[in-house]
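What follows is one structure encoded as C-alpha cells, with my remarks underneath.
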Amino acid sequence: MTRPLVDNRTARRLFLDRHQLLRPQTGTGKAHDLDRLLHALGFVQVDSVNTLARAHDLILWSRQGQFRPRALMQLVADHRTAFEHWTHDAAIIPMQFYPMWRLKFARDEARMRARWPQWRREGWDAEIDTVLQHVADNGPTSSRDVGRDEQRGSSGWWDWHPSKTALEFLWRSGRLAVCHRQAFRKFYDLTERVIPTGHRCDRREDEEIADWAMSQALDRLGFGTSGELAAFFEIVTRDEAKNWCKNALASGRIIEVDIAMADGSPRHSFTTEATLDHASSMPEPSTRVRILSPFEPVLRDRSRAERLFGFHYRIEIFVPEAKRQYGYYVFPVLQGDRVIGRVDAKRTGQTLTVRAFWPEAGVKMGKARTVSIVSEMDRVKYLADAKVVEFAKGWLQT
C-alpha cells in the first residue's frame with residue numbers, strides 16, 4: 001500500500017503551526033494566556049546565557065510580542081500553574097503534566113544511582129538525607145545555603161560540591177521542587193510545599209504515562225519517527241516508542257506517511273488522519289520576521305530541522321573563536337515558513353549591537369526584507385532591555 005506523501009512546504013508549515021510560529025499571535029502574554037502558550041508548546045527550555053535575552057524569554061517573545069520575562073517566572077513561583085524540571089534539558093512545564101513526570105523521576109533516579117561516582121563513596125546516602133533535612137527545616141534553599149565548607153571536585157556533577165549535587169539529585173528524583181528563582185539561581189523546597197495537592201497526588205500507571213507522552217509528542221510535532229517522538233519529552237525509551245507506534249498503527253490511531261525533506265527525499269513518519277486533514281487547510285504564514293533563540297523548539301532537534309528546512313545550525317559557544325564560522329551565540333531568523341539566515345547580536349549596557357546578518361543560500365535580500373530585519377531588531381530591544389540598536393558597518397553579509 002502506497003503511503004501518503006506530504007510535500008516539504010506543507011510539512012514545514014504544519015511543523016511551524018504546531019509550534020505556534022505560522023500565524024500572527026494575539027493576547028497579553030501573561031497568566032492564562034501564557035499558560036495556554038506553554039501548554040501548546042509542551043514546555044520551554046530554560047537557559048542562562050543572556051547575550052540578548054535568556055533563551056526561554058526569546059522563545060516565548062518570538063510567538064507573543066506582549067510577553068515580558070517576569071510573567072514566566074510568575075507561573076512557577078506565584079501561580080503554581082507550571083513547574084520546572086527536565087525534558088532533554090532544564091525546562092518549564094505545564095503543571096497539568098506533573099503526574100506524568102513520576103515515571104521520569106524514577107528513571108532519572110535509577111540512572112543517577114547507576115552512573116554517578118558519588119554512589120560508590122561511603123556516606124553519600126547520608127549526605128542526601130542531610131540536605132533534605134536542611135530544606136525541610138529551613139524552607140527555600142539554594143546551592144549557596146548548603147555545603148559552604150565543602151570543596152569542589154572533579155567527581156561531582158558539573159564539578160559541583162557534594163551538597164549542591166545532592167540538591168540536584170533530590171530535584172531530579174522528585175523529592176524537591178524548584179519554588180522560584182532569584183537572579184536566575186534556583187531555590188528548592190519540599191515537593192509537598194510547592195506542587196498543588198491535586199497534581200502531586202495524581203498517580204498514573206507507567207503504560208498510561210508512556211501513551212500520553214507519545215500521543216502528546218505527536219500532537220505537537222505533527223509528524224515524526226518513533227525516535228523523534230520519544231525524544232520530545234524524553235520520558236519513554238526508544239524501544240517503548242517503537243512498540244507504541246506498532247500498536248497505535250495496528251489499532252488505527254496513527255497512520256504512516258512519507259514526509260518530503262528539503263532535498264526532496266521522502267522520510268517515513270507517523271501522523272494522524274486528523275493532522276493530514278488540518279494540513280490541507282492551513283493559512284498562508286505570517287510574513288513577520290522572527291528572531292529565534294538558539295534553543296528554539298523548532299530547531300531543538302538539529303538533524304530534523306536540517307532535513308526539513310535545509311538549515312544547518314550549531315551553537316559555537318564552545319568552538320574556539322578563530323574556528324567559528326559565524327559567532328559565539330548567533331540567532332536563527334525565520335520569515336514565513338523559511339529560515340532565511342542568522343544574526344549575530346549582543347546587548348552591552350543599554351545598546352543592542354547587530355554585528356552581522358548572514359542570509360541563507362538562495363535568500364534574496366531586497367529592501368523590504370532588510371527593512372523587516374531592522375524593524376524586528378528594533379522590537380527585540382525591548383525584550384533585551386536596551387534603549388538603542390546599533391548596526392555595525394557592513395552588517396549585512398553577502
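Laboratory data are not the source of any read-out in this text; all were calculated from the coordinates shown. This one's a predicted model, so the numbers in the text were calculated from it and none came from an experiment. Cβ sites come from the backbone with ideal geometry, for glycine too, and all protein chains shown count toward neighbours.
Key figures for this structure:
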item	result
Whole-Å semi-axes of the chain's equivalent ellipsoid (Cα gyration tensor)	36, 29, 20
Nitroxide proxy distance, nm - points 7 Å out along Cα→Cβ at Lys367 and Arg107	5.6
Gain on full stretching of the segment that runs from Arg302 to Ile317 - 0.36 nm per residue minus C-alpha separation	3.8 nm
Residue-span extension gain [Tyr328 to Asn50] - 0.36 nm each, minus C-alpha spacing	98.9 nm
Extension reserve of the Ala126-Leu249 stretch, reckoned as 0.36 nm per residue once the Cα distance is removed	39.5 nm
Inter-probe distance in nm under a simple model that places probes 7 Å from Cα toward Cβ, at Ala31 and Arg115	4.1
DSSP beta bridge pairing in the chain, given as percent antiparallel to the nearest 5	85
Amide H contacts under 5 Å for Ala345, placed H, 5+ residues apart	Phe331, Arg355
Distance (nanometres) between label positions extended 7 Å along Cα→Cβ at Asp202 and Thr351	5.0
Helix-derived mean residue ellipticity, 222 nm - over the chain, DSSP H n ≥ 4, -39500 (n - 2.57), to 500	-11500 deg cm²/dmol
Peptides 342-354, 173-185 ordered by average Cβ neighbours within 10 Å, highest first	342-354, 173-185
Cα centroid of the stretch 172-200 to Cα centroid of the stretch 214-270, whole Å	32
Spatially proximal lysines relative to Lys323 (Cα-Cα < 23 Å; intrachain offsets below 8 disregarded)	Lys346, Lys393
Order by protection proxy (mean Cβ within 10 Å, highest first), peptides 196-209, 94-107	94-107, 196-209
Sequence-distant residues sharing a close amide H with Leu396 (under 5 Å, placed H)	Phe357
